[in-house]
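Contents: one structure, followed by commentary.
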Amino acid sequence: MKVNLLEALTQVPDFRAARGRRYPLWLLLLLVIMGTLSDCLGYRALEDFCRRHHEALVTTLQLPPTRFPSDSTFRRVMMGIDFTDLANIFNNWVYSSLPQGEQDWLGVDGKSIKATVSNYDQAYQDFINVVSVFSAQKGVPIALQQFHNKQGSEIAVVQNLLATLDLEGVVFTLDSLHCQKKLYS
């Protein structure tokens, strides 16, 4: 069953207290996605994006003509949201939206996220990594998963993602980390 992005974003659990909610969570997440696609990569840039496109957003999304969120609202939401829930909902939405059964090339890679390091003064630091599966044919990521490097490994996360996708007839490109005999024998 195909689900559009707005329907998918309404499934993200709202962690905020009911008192004081001015904006629905789906709207905040949609604005973050739209702003990020427009190269607005900071909280102030997201606020500027909303201010710049206020009229078009109100018209297109059929919203009441009120103020849009401030940079601090975006920050609180992005700091408090459960990334695992959001990534699962995103993965399900992308996977249901893409045509299945076509031959494709999928690039799989993990990257560490800047400014997420903790225990910086110790030999083995902890930071957050994100593994993505990118479809070369469609030009979009079709799966994402995050992990802390102290609690997991990229190898295990990639195996889990590929098992979850259950794809056949595709070619995977992975870096040398995943070229181990014991993994694929």
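Extending 7 Å from the Cα toward the beta-carbon at both Arg21 and Thr60 defines two label points whose distance is 2.4 nm. Note: relative contact order over the stretch 6-82, using C-alpha pairs below 8 Å and six or more positions apart, is 30 percent.
The Gln151 and Ser97 beta-carbon pair, evaluated with R₀ = 30 Å, returns a calculated FRET efficiency of approximately 0.50. Taking each DSSP H run with n ≥ 4 as -39500 (n - 2.57) and averaging over every residue of the chain yields -12000 deg cm²/dmol at 222 nm. Using a simple spin-label model with pseudo-atoms 7 Å out from Cα toward Cβ, Ser112 and Cys179 lie 2.3 nm apart.
Only helices at least 30 Å long along their axis, Cα-based, and averaging -1.0 or more on Kyte-Doolittle count here, so list those DSSP H runs from the chain.
Working: long enough: none.
Helices meeting the criterion: none.
With contacts taken as Cα pairs under 8 Å and at least 6 residues apart, the chain reaches a relative contact order of 19 percent.
At a 10 Å Cβ-Cβ cut-off, how would you order Arg75, Arg52, Arg67, Arg19, fewest neighbours first?
Arg19, Arg67, Arg52, Arg75
When chymotrypsin sites (Phe, Trp or Tyr not before Pro) are flagged only if DSSP places them in a loop and at most 13 other Cβ atoms lie within 10 Å, the longest unflagged stretch of the chain comes out as 16-119. Taking the number of Cβ atoms within 10 Å of each Cβ as an exposure proxy, the fewest-first ranking of Glu168, Glu154, Glu7 is Glu168, Glu7, Glu154.
Put in order of Cβ neighbour count within 10 Å, fewest first, the listed residues Lys138, Lys111 become Lys111, Lys138.
For the stretch 23-61 versus the stretch 140-185, the spacing of their alpha-carbon centroids is 32 Å. Evaluated at q = 0.24, 0.29, 0.30, 0.36 Å⁻¹, a Debye calculation over the C-alpha positions of the stretch 61-100 (equal weights, vacuum) places log10 I(q)/I(0) at -0.84, -0.89, -0.90, -1.06.
In whole angstrom, how long is each semi-axis of the equivalent ellipsoid of the chain, when you take the square root of 5 times every eigenvalue of its Cα gyration tensor and sort them from largest down? Walk me through the numbers on the way to the answer.
On the way: eigenvalues 213, 99, 40 Å².
Those come to 33, 22, 14 Å.
Above 25 Å, the calculated P(r) of the stretch 1-110 contains 28 percent of its Cα-Cα pairs.
The numbers here are math on the coordinates, done by the rules we state, and not lab data. Fair warning: this is a prediction, and the values are worked out from it, not measured in the lab. Cβ atoms come from the backbone with ideal geometry, glycine included; neighbour counts cover every protein chain shown.
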